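Notes follow the structure.
The values are calculated or read from the model by the stated rules, or taken from the named source; none is laboratory data. Every value quoted in this text rests on a predicted model; they were computed, and no experiment measured them. Note that each Cβ is placed from the backbone with ideal geometry, even for glycine, and that neighbours are counted across all protein chains shown.
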């Protein structure tokens, strides 16, 4: 557990964090700035102010993007401090019924499979599908059009399980996939693209049973649901950890949750036994592009493939660049075959912000996303890519609201298209 008052006292009030803070860029108030948060958290920890609705509203206004931490000379992790306060908030104020229902689904895979499959059937009645977006048929809010992610009739994990052997010349490697909920239920093409790439590389794939990483519950402060999911995932991945070279995660939020926040959650409840078990499996978890770039010959394969004249730009997910320090790898892979161009403020937060921001403070998400959408549009790219489906949902909505024609594609989808095109050319020859 973090000592909030001790950490708060290390802040030197230099204000380097403030100009780039996601919430401060929207709400020009010192209270909802990183040093404002840090001061309040220190005073709160000392018991000098009560956790009332006003303080709850302040602490729930942070996007947890960690931009401030990357700029802080003292490396104060404001997001981790706020995250800890949200556990107190959840314990004191409780959790909204719809969040409880959602987190209940996250803990019960079979029920979630049924619910999401059912939603995929009825969604077309309320939403019109365009590519990978669903737009409401009936209403436009004061914050513009509201688009959401699509729903697959059968999830990735329902379509694929167990060992998927490569049909190409094998190189002796075998990896597992932790798919993440959005890629499992909504953007199934992400997992399918990863399978295609691994097949071309001659790598066998194990798709084990798995549960949600717990990120939505964690960012809301539902520590009990988080520990429940960590415990189940530990049991499942310990069974296969010695059989694979790595466990690939194609989602930045899930990867950061597993590789950083699982340990923090376990430290909060002081469960040393589970921390030891977690440390045994953590070294094998890798972001998908990190593994593909650093541990396979994919780059060589792409160098020998045809060039694509499509212009693309890349958005850095906060959890990827700022938490896991990964940003070169996807650019290196995509830059081999596409006309790559950097947008302005490529690592500016997209404004997704989590369940509470999306459901109770959508005006913040909306206002945070518009500058990002404009940067994407102004880049001149026809495709924006990012290794995060939460960013995908947020940016699709933002681009829709400025009537942009820029499409979103995961890096794995773009890489698959290159390899597929190469296959087609070879077949013609």
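Are there helices (runs of 4 or more DSSP H) fully within region 1-117 with at least 3 residues that are surrounded by fewer than 18 Cβ atoms within 10 Å (Cβ to Cβ), without any contact (Cβ under 8 Å) to a residue 60 or more places away in the chain and more than 21 Å from the chain's Cα centre (by Cα)? List them.
Values: elements: 4-8, 22-26, 34-45, 53-59, 67-71, 78-93, 97-106.
The helices (runs of 4 or more DSSP H) meeting that bar are 53-59.
Considering only region 268-289, how many residues are touching a strand residue (DSSP E or B) at 6+ places or on another chain (Cβ under 8 Å) and within 18 Å of residue 410 (Cβ to Cβ)?
Matching residues across region 268-289 total 3.
So which residues in region 177-204 are crowded, with 22+ Cβ neighbours inside 10 Å, touching a strand residue (DSSP E or B) at 6+ places or on another chain (Cβ under 7 Å) and not in a loop (DSSP other than H, G, I, E, B), if there are any at all?
Scanning region 177-204 gives 177, 191, 194, 198.
Tell me the residue from 248, 195, 201 that is outside the structural domain of residue 390 (by TED's automatic domain parsing) and closer than 22 Å to residue 282 by Cβ, please.
Unique residue meeting the criteria: 248.
Assuming residue 276 fulfils every condition listed in (1) more than 30 Å from residue 368 (Cβ to Cβ); (2) modelled with pLDDT of 95 or more; (3) buried (at least 17 other Cβ atoms within 10 Å of the Cβ) apart from one, which condition is it?
Among (1) more than 30 Å from residue 368 (Cβ to Cβ); (2) modelled with pLDDT of 95 or more; (3) buried (at least 17 other Cβ atoms within 10 Å of the Cβ), the lone unmet condition for residue 276 is (3).
Quick one: which residue in 348, 392 is in contact with a helix residue (DSSP H, G or I) (Cβ under 6 Å, 6 or more places away or on another chain) and either closer than 29 Å to residue 57 by Cα or at pLDDT below 95 (or both)?
Numbers: 392 fails: in contact with a helix residue (DSSP H, G or I) (Cβ under 6 Å, 6 or more places away or on another chain).
Residue meeting the stated conditions: 348.
Just for region 216-236: of the residues that are surrounded by 24 or more Cβ atoms within 10 Å (Cβ to Cβ) and without any contact (Cβ under 8 Å) to a residue 60 or more places away in the chain, which one is nearest to residue 420 (Cα to Cα)?
This residue is 230.
Looking at region 205-245 only, could you name the residues that are out of contact with any helix residue (DSSP H, G or I) (no Cβ under 8 Å at 6 or more places or on another chain) and over 30 Å from residue 62 (Cβ atoms)?
235, 236, 239, 240, 242, 243
Can you tell me which residue among 149, 114 is in the same structural domain as residue 245 (by TED's automatic domain parsing) and modelled with pLDDT of 85 or more? Lay out the reasoning, then the answer.
Numbers: 149 fails: modelled with pLDDT of 85 or more.
After applying the criteria, what remains is 114.
Do we find that residue 156 is buried (at least 20 other Cβ atoms within 10 Å of the Cβ), closer than 25 Å to residue 183 by Cα and modelled with pLDDT of 95 or more in this structure?
The answer is yes for residue 156.
Inspect all residues belonging to region 290-300 and state whether any of them is under 21 Å from residue 205 (Cα atoms), touching a strand residue (DSSP E or B) at 6+ places or on another chain (Cβ under 6 Å) and surrounded by fewer than 19 Cβ atoms within 10 Å (Cβ to Cβ).
no
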